[in-house]
Protein chains: 2
Amino acid sequence: MPNRPLTIFCNAGLDDVSMELLRSETIGHQLVTDQPDCSTADIAFGQPDPQQILAADGLKWVHITSAGYTRYDTDAVRTALRELDIIFTNSSHVYDAPCAQHVLSMMLADARQLLPCYESQRSDRAWESGPRRAASYLLNGQTVVLLGLGAIGQYLIQLLQPFEMRIIAVRRNVQAQDGIEIVSEAELGRVLPLADHVVNVLPEGPSTVGFMNAERFAQMKPGAKFYNVGRGKTVDQDALLQVLYTGQVGAAYLDVTEPEPLPPAHELWTAPNCFITPHSAGGHHGERLRLVQHFLRNLRAFKADEPLIDRV
Amino acid sequence: MPNRPLTIFCNAGLDDVSMELLRSETIGHQLVTDQPDCSTADIAFGQPDPQQILAADGLKWVHITSAGYTRYDTDAVRTALRELDIIFTNSSHVYDAPCAQHVLSMMLADARQLLPCYESQRSDRAWESGPRRAASYLLNGQTVVLLGLGAIGQYLIQLLQPFEMRIIAVRRNVQAQDGIEIVSEAELGRVLPLADHVVNVLPEGPSTVGFMNAERFAQMKPGAKFYNVGRGKTVDQDALLQVLYTGQVGAAYLDVTEPEPLPPAHELWTAPNCFITPHSAGGHHGERLRLVQHFLRNLRAFKADEPLIDRV
């Protein structure tokens with residue numbers, strides 16, 4: 001990289017503390033936070049307008065503050081990145097821990113019947129010890145099928161290690177990995193019936209929209225649980241509603257829906273055993289600070305001509 | 001042990017499947033399930049009347065189907081066990097996994113704001129993504145103080161390994177253990193202020209009744225979370241109510257209370273950030289079967305004159 005001050009565009013929506021960290025760690029460079037256009041900067045950090053990437057003049061690296069990058073995942077942007085030799089990174093590693101902990105919180109809430117207990121606390125307080133104990137279950141020995149295996153899935157696998165579960169991940173690139181089985185999408189029909197828990201971590205894209213459809217829900221073991229912290233559009237929600245009403249899917253824990261916000265009158269809110277969190281899986285106290293720390297780690301690598309992490 | 005058929009008293013309240021397992025694995029011995037008195041049996045499995053242990057004639061081993069053993073923890077029973085040379089074991093290892101998973105479910109539900117999200121789903125469905133994300137937090141880097149370190153605490157430590165937390169256990173016998181700090185009760189005033197999470201796994205006994213009192217709640221870090229899967233009497237509930245109302249304790253997750261069932265009008269049900277499960281932490285699908293498997297494992301050891309597990 002040129003040994004000169006870099007122009008760093010930022011529209012990352014930072015709070016005072018995280019902005020102060022960014023400023024203090026980029027002294028000697030030009031930090032641009034008050035202009036709408038990143039196209040003449042060296043580096044763009046935040047959520048730059050994809051159109052500006054197409055018109056970029058000298059832009060060398062785009063680092064976005066989300067894990068999802070659907071709006072940059074177009075032919076035009078991909079072509080521009082390639083032809084203009086622009087590095088593109090996302091913030092996956094900021095969101096792996098909170099999202100994975102969110103998934104495990106849902107799995108354990110189901111296993112330990114936390115929501116029925118809370119329902120009882122908010123209504124008759126009947127101390128239903130017997131039914132709650134009988135409906136609780138151990139995760140040990142059960143099977144998880146992960147749809148997609150990126151940063152979140154890898155982190156979740158670490159969290160699940162002590163639970164003695166069988167873990168099967170479905171991904172495009174089948175590579176061996178210790179402790180789990182990795183299979184291709186072609187084997188989905190074989191592994192879905194094995195799962196007690198199907199965890200959807202799929203990003204949104206042409207090959208994933210409507211991925212969990214009526215056929216695939218029907219392949220699941222009756223009563224198995226479904227989780228989605230990927231993207232709402234990867235699920236055929238009408239099909240999901242149907243299998244929730246039949247009980248074919250025992251429960252659904254959704255952090256993402258289509259649309260978002262989910263309108264208060266939407267049927268998913270009241271479908272049996274459907275539990276919804278408002279796209280909060282990636283959120284956490286100190287999130288902005290961690291986004292800046294992640295960017296700064298990559299900035300050090302960028303300046304040293306070393307490989308950046310979370311390159312898409 | 002005598003190489004003759006043993007008389008095995010059982011009042012373990014088994015279902016058909018677990019009783020069938022017990023029968024098939026004790027063929028050649030005399031299984032007594034229809035008599036109220038264990039005093040002339042060789043082995044008592046279940047919840048035998050402590051008075052019968054005092055009057056035992058030939059009883060060699062008592063295996064109870066709970067982890068708690070308060071009603072056997074009397075001078076009279078202890079003396080009888082010692083003088084009559086009766087082995088006493090409990091079912092701790094049946095309940096370690098479900099109880100530890102219950103504690104982690106509570107910790108993660110708090111970290112991921114599952115109950116406020118559910119409250120919203122049951123009311124205005126306002127999709128409060130911003131507030132829920134901001135109130136969520138990572139467990140990584142936080143500190144847990146365990147009060148008591150038996151089978152449940154040890155299992156919980158294993159589950160917490162991937163979370164990169166600091167774990168401090170307070171127990172009577174201070175022994176070194178990898179990966180955690182073990183301190184004596186005398187150091188409680190030093191470690192309570194460090195904890196983001198205080199997990200009470202104490203059994204009930206003369207030295208633990210009212211253990212968490214006003215003074216100790218005041219020593220906690222303001223806003224820290226409190227969990228109880230031990231016994232209700234180990235907590236001064238009036239003191240707990242007070243610190244929930246002041247916010248000194250940020251949230252309480254209680255699986256045990258005094259009394260149980262907790263009457264519907266009890267103040268704990270409606271105290272701020274107080275969440276109650278009905279003594280269901282140890283429960284799980286297949287519980288009776290696992291109790292029998294645990295007993296049979298010990299029975300094999302008993303017959304081979306090998307050490308029994310969960311000896312109290």
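Annotations
- Number of the condition not met by A:ARG132 [criteria: (1) buried (at least 20 other Cβ atoms within 10 Å of the Cβ); (2) within 25 Å of A:ALA100 (Cα to Cα); (3) facing chain B (nearest Cβ under 8 Å)]: (2)
- Looking only at region A:185-205, and only at residues there that are under 29 Å from A:TYR69 (Cβ atoms) and over 20 Å from the mean Cα position of the chain (by Cα), the one that is surrounded by the fewest Cβ atoms within 10 Å (Cβ to Cβ): A:ALA186
- Count of region A:139-173 residues which are in contact with an Asp or Glu (Cβ under 9 Å, 6 or more places away or on another chain) and part of a loop (DSSP other than H, G, I, E, B): 8
- Failed item, numbered, when A:GLU258 is tested on (1) more than 14 Å from chain B (Cβ to nearest Cβ); (2) among the acidic types (Asp, Glu); (3) surrounded by 14 or more Cβ atoms within 10 Å (Cβ to Cβ): (1)
- Inside region B:105-129, residues that are more than 7 Å from every other protein chain (Cβ to nearest Cβ), charged (D, E, K, R) and either buried (at least 22 other Cβ atoms within 10 Å of the Cβ) or under 31 Å from the mean Cα position of the chain (by Cα) (or both) make up a count of 2.
- Single residue of B:ALA41, B:ALA55, B:ALA67 found to be more than 28 Å from B:ILE152 (Cβ to Cβ), outside the structural domain of B:SER207 (by TED's automatic domain parsing) and surrounded by 19 or more Cβ atoms within 10 Å (Cβ to Cβ): B:ALA41
- A residue that is within 30 Å of A:ASP196 (Cα to Cα) and of a type in the set (D, E, K, R) occurs nowhere in region A:57-68.
- Output for region B:262-279, where each listed residue is of a type outside the set (S, T, N, Q) and either part of a helix (DSSP H, G or I) or closer than 19 Å to B:ASP110 by Cβ (or both): B:GLU267, B:LEU268, B:TRP269, B:ALA271, B:PRO272, B:CYS274, B:PHE275, B:ILE276, B:PRO278
- Flag if B:ARG300 is assigned to a helix (DSSP H, G or I) and either surrounded by fewer than 14 Cβ atoms within 10 Å (Cβ to Cβ) or of a type in the set (Ser, Thr, Tyr) (or both): yes
- In the condition set (1) within 21 Å of the chain's Cα centre (by Cα); (2) open to solvent by 40 Å² or more (accessible area, probe 1.4 Å), B:LEU240 is compliant with all but (2).
- Here A:THR246, A:THR270 are screened, and the one residue that is under 16 Å from B:ASP124 (Cα atoms) and out of contact with any strand residue (DSSP E or B) (no Cβ under 9 Å at 6 or more places or on another chain) is A:THR270.
- Condition met for A:HIS93 (within 14 Å of another protein chain (Cβ to nearest Cβ), more than 24 Å from A:ILE276 (Cβ to Cβ) and touching a residue at least 24 places away in the same chain (Cβ under 8 Å)): yes
- Out of B:PRO48, B:PRO5, sole residue that is assigned to a loop (DSSP other than H, G, I, E, B) and closer than 30 Å to A:ALA134 by Cα: B:PRO48
- Tally, over region A:8-45, of residues that are in a loop (DSSP other than H, G, I, E, B), without any contact (Cβ under 8 Å) to a residue 40 or more places away in the chain and touching a helix residue (DSSP H, G or I) at 6+ places or on another chain (Cβ under 8 Å): 4
The values are calculated or read from the model by the stated rules, or taken from the named source; none is laboratory data. Source: prediction; values computed, not measured. So basically every Cβ, Gly included, is an ideal-geometry build from the backbone, and we count neighbours across all protein chains shown. The area values use the complete protein model at the heavy-atom level, side chains included, leaving out ligands, DNA and RNA. Shrake-Rupley method; radii C 1.70, N 1.55, O 1.52, S 1.80 Å.
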